[in-house]
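In what follows, a structure is listed as structure tokens, so that the remarks can point back to it.
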Amino acid sequence: MSNRAESVLVGLIGEGVMPSLTPPMHEREADVQGLRLLYRPLDLLELALPAAAVGDLLTAAQRMGFNGLNITHPCKQLVLEHLDEISDDARRLGAVNTVLLQDGRFIGHNTDFSGFGSALADGLPNAKLDRVVQLGAGGAGSAVAYALLKAGVSTLDLVDMDPARAAERAAELGELFPAATVTPRTPGELHQIMPLTNGLVHCTPIGMAAHPGLPLDMDLVEPRHWVADIVYRPIETQLVREARAKGCDVLDGGRMAVGQAADAFKLITGLEADRDRMRAHFLELIAVEDAAAPQLAKAGN
């Protein structure tokens, strides 16, 4: 879609998506580029709809003239059966977070993995990728692990509290990337593998505003390690802050958030997003949230 005289209608399907920063990021970037774009969250909780209704929402969006949809929890896998075409990477991942509505067809893509891949390349361009430890093998962790292996990581240690989940994910990734070594690990093995790794990627909820704290003993982190976090609320997690203080090169979670949004923006509009500009806007939105939080807390008392 390159005709700037056209308007673009985009939606976000998922649970609890009303506070998402993706809509304002897309709308601001479109404004700067002279494109009229309207982005609306379609919150399953607000609509009182089950996740299984994602197919019905796709059909409704098509009838109402939507150009594209972002898909988030808990619909990234459920949406697959309703698509006419799926990109190779999304098919391999078994998850879709962006759907294009074109010529009466639904076309699925995944920008979670590509968003982290571009974040890693832009934010840590000199990161050594021989061996990486990843904490968390859940949904977001799957996309990140896929991105790491696609970026050239030769040895990936997948650490998860659930040994079965780590083993299942490692087996799946091992089949997709046979030249790499993907090993399931438990947190108890970190003291053995951290001295052997180049970098650490964190993909669990620990560090979020509702789950403060650290995902590992920081004594295991050395200044030579690079450290990436995908948590972006707050943007400066305790992990990022303490790793930076140790002298590590760090990547905050905002990089992935912007990366996936920029990739989705290009897929839907056909226009290349200015990632630096989009990140500056993202940080502005986060700062506004942070400033409002104490006032909201005071009002609630």
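The values are calculated or read from the model by the stated rules, or taken from the named source; none is laboratory data. Remember, predicted model here, so these are calculated numbers, not experimental data. In this analysis, Cβ positions are derived from the backbone assuming ideal geometry, glycine residues included, and neighbour counts consider all displayed protein chains. Side chains included, ligands, DNA and RNA excluded: accessible areas come from the protein's heavy atoms. Shrake-Rupley method; radii C 1.70, N 1.55, O 1.52, S 1.80 Å.
Here V227 clears all of (1) in a helix (DSSP H, G or I); (2) in contact with an Asp or Glu (Cβ under 9 Å, 6 or more places away or on another chain); (3) not basic (K, R) except the condition numbered (1). Got at least one residue in segment 132-143 being within 21 Å of L196 (Cα to Cα), open to solvent by 30 Å² or more (accessible area, probe 1.4 Å) and in a helix (DSSP H, G or I)? No - not one qualifying residue is present in segment 132-143. Each residue in segment 163-179 was checked for being of a type in the set (A, V, I, L, M, F, W, C) and surrounded by fewer than 17 Cβ atoms within 10 Å (Cβ to Cβ), and 5 pass. Annotation: of all residues in segment 71-103 being in a loop (DSSP other than H, G, I, E, B) and open to solvent by 60 Å² or more (accessible area, probe 1.4 Å), the one that is nearest to G115 (Cα to Cα) is H73. When segment 183-204 is filtered for residues that are part of a loop (DSSP other than H, G, I, E, B) and loosely packed, with under 14 Cβ neighbours inside 10 Å, only T186 remains.
Checked against the criterion of being touching a residue at least 12 places away in the same chain (Cβ under 8 Å), part of a loop (DSSP other than H, G, I, E, B) and open to solvent by 80 Å² or more (accessible area, probe 1.4 Å), segment 39-56 contains not a single residue that satisfies it.
Residue count for segment 205-238 under the criterion of being under 18 Å from the mean Cα position of the chain (by Cα), closer than 19 Å to L124 by Cβ, buried (at least 19 other Cβ atoms within 10 Å of the Cβ) and not aromatic (F, W, Y): the result is 8.
Scanning segment 1-27 for residues that are under 16 Å from N70 (Cβ atoms) and either among the hydroxyl-bearing types (S, T, Y) or part of a helix (DSSP H, G or I) (or both) turns up S20, T22, P23, P24, M25, H26, E27.
A single member of G68, G108 is closer than 21 Å to M18 by Cβ, crowded, with 21+ Cβ neighbours inside 10 Å and among the small types (G, A, S), and it is G68. Checking each residue in segment 242-266 for being out of contact with any Gly (no Cβ under 7 Å at 6 or more places or on another chain) and either free of Cβ contacts under 8 Å to residues at least 12 places away in the same chain or open to solvent by 40 Å² or more (accessible area, probe 1.4 Å) (or both) picks out E242, R244, A245, K246, G247, D249, K266. Return yes when V153 is of a type outside the set (S, T, Y), buried (at least 18 other Cβ atoms within 10 Å of the Cβ), touching a Leu at 6+ places or on another chain (Cβ under 9 Å) and not in a strand (DSSP E or B) and no when it is not. Judged against the criteria, V153 is a match.
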